[in-house]
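The values are calculated or read from the model by the stated rules, or taken from the named source; none is laboratory data. Note that the coordinates shown come from a computational prediction; the quantities given were computed from them, not determined experimentally. Cβ placement follows ideal geometry from the backbone for every residue including glycine, while neighbour counts extend to all protein chains displayed. Ligands, DNA and RNA are stripped out before the accessible areas are found, and what is left, the full protein with its side chains, is counted by its heavy atoms. Shrake-Rupley method; radii C 1.70, N 1.55, O 1.52, S 1.80 Å.
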Amino acid sequence: MTEAPQPNATFSRPAFFIMTGIPGLGGAQAWLTLVFGPAYLLSLLGNGALLAVVQTASTLQQPMFLLLATLAATDLSLATSIAPGLLAVLWLGPRPVPYAACLAQMFFVHALTAVESGVLLAMACDRAVAVGRPLHYPILVTKARVGYAALALALKAVAIVVPFPLLVARFEHFQAQNIDHAYCAHMAVVELVVGNTRANNLYGLVLSLAVSGIDILGITGSYGLIAHAVLRLPTREARTKAFGTCSSHICVILAFYVPGLFSYLTHRFGRHTVPKPVHVLLSNTYLLLPPALNPLIYGARTKQIRDRLLEIFTFKKSQF
């Protein structure tokens, strides 16, 4: 007489995980490709155009625009790290992801998110110097220093995110192979682990609070200095112009941190009150919304970029 399978059976380290997408939606999640597909296309076209414009226009070879190009490259990489797999799951249904590929995606998604947060902080500091110390700006902020800052942000992201896949790789047994998510988020994989995951949970919490918290405090401090400098300007026109130079960056900050805050709060404190499909949707929106919106924000609100784009399109139109 054969024994029935035990409900608490465990699996050895799987050769692959199975991404199930948005739990509970079934075949209806295919309709979400109409949202995430255009968002990814917009991120590719918009960020690609920004990178091309900054690279080809000599007038845009300035620290502020080089930081913007760094943000565009990060956005392009972040969207590409999850969007193809997300669209495949939504359209075709659950799909296998090799174990090593899952850990690699986990690393790149979290590392690029950390880089993006750091770039936003660097851009806030750049604006604080530009508004508060305009005469010293060319000396204090140079292209070489922007390059060093970008390298430092990349190295910091690698150093703090490498423990994520390493902490997961130490486990040999899992409760299941199905991941109720559309990409290999660290905590989504940890939920399947059989064993003591306290180190994973603690490191994830500390890292989220430390990285995002420090960057948000730095951005808030920079804008405090900007507000102080702007309010000391003698005329209303001068104050309006100074605030206008920061408006695009403020919109980008809100597009990145507001969805991220909702995603973090629902995951950490709303597991029993917020449905799992809502959490997964917020998580994917948080990673795909900023890359889609940032090029539109800077393209529409930054005169130099807008003028350069008009020059390109006018030149191409005159050739026909």
Original post:
Within segment 89-100, which residues are open to solvent by 50 Å² or more (accessible area, probe 1.4 Å), in contact (Cβ under 8 Å) with a residue 60 or more places away in the chain and part of a helix (DSSP H, G or I)?
Top reply: W91
**OP:** Filter segment 237-264 for residues that are open to solvent by 30 Å² or more (accessible area, probe 1.4 Å) and within 21 Å of L68 (Cβ to Cβ) and give the result.
**Re:** K241, F243, G244, T245, I250, C251, L254, Y257, V258
Original post:
How many residues does segment 267-320 hold that are farther than 25 Å from L42 by Cβ and either modelled with pLDDT of 85 or more or crowded, with 16+ Cβ neighbours inside 10 Å (or both)?
Top reply: 1
**OP:** Would you please name the residue that is nearest to V119 (Cα to Cα), looking only at residues in segment 153-187 that are in a strand (DSSP E or B) and open to solvent by 50 Å² or more (accessible area, probe 1.4 Å)?
**Re:** N178
**OP:** Can you give me the number of residues within segment 28-61 that are of a type in the set (V, I, T), over 28 Å from F107 (Cβ atoms) and open to solvent by less than 20 Å² (accessible area, probe 1.4 Å)?
**Re:** 1
Original post:
Do any residues in segment 156-169 that are closer than 15 Å to D215 by Cβ have Cβ atoms under 7 Å from those of residues that are open to solvent by 10 Å² or more (accessible area, probe 1.4 Å) and not small (G, A, S), where the two are at least six apart or on different chains, and which pairs are they?
Top reply: A157/V115; I160/L207; I160/V211; V161/F107; V161/H110
**OP:** May I ask you to list pairs of residues, at least six apart or on different chains, whose Cβ atoms are under 8 Å apart, with the first in segment 209-236 being exposed (fewer than 13 other Cβ atoms within 10 Å of the Cβ) and the second being assigned to a helix (DSSP H, G or I)?
**Re:** H228/G132; L231/R239
Original post:
What number of residues within segment 188-200 are among the polar types (S, T, N, Q) and either part of a strand (DSSP E or B) or surrounded by 15 or more Cβ atoms within 10 Å (Cβ to Cβ) (or both)?
Top reply: 2
Subject >> Meets criteria (touching a helix residue (DSSP H, G or I) at 6+ places or on another chain (Cβ under 8 Å), hydroxyl-bearing (S, T, Y) and buried (at least 20 other Cβ atoms within 10 Å of the Cβ)) for S77 >> reply: no
**OP:** Please find, among Y223, Y183, the residue that is in contact with a Lys or Arg (Cβ under 9 Å, 6 or more places away or on another chain) and either on the phi > 0 side of the Ramachandran plot or not aliphatic (A, V, I, L, M) (or both).
**Re:** Y223
**OP:** Scan segment 101-139 for residues that are in a loop (DSSP other than H, G, I, E, B) and among the basic types (K, R) and report the count.
**Re:** 1
Subject >> Condition met for A255 (at pLDDT 70 or above and not in a loop (DSSP other than H, G, I, E, B)) >> reply: yes
Original post:
Is there any pair linking a residue in segment 71-88 that is more than 19 Å from P295 (Cβ to Cβ) and touching a residue at least 24 places away in the same chain (Cβ under 8 Å) to one that is among the charged types (D, E, K, R) and not in a helix (DSSP H, G or I), with Cβ under 9 Å and at least six apart or on different chains, and which?
Top reply: G85/R95
Original post:
Before we move on, is M64 over 20 Å from V158 (Cα atoms) and open to solvent by less than 10 Å² (accessible area, probe 1.4 Å)?
Top reply: no
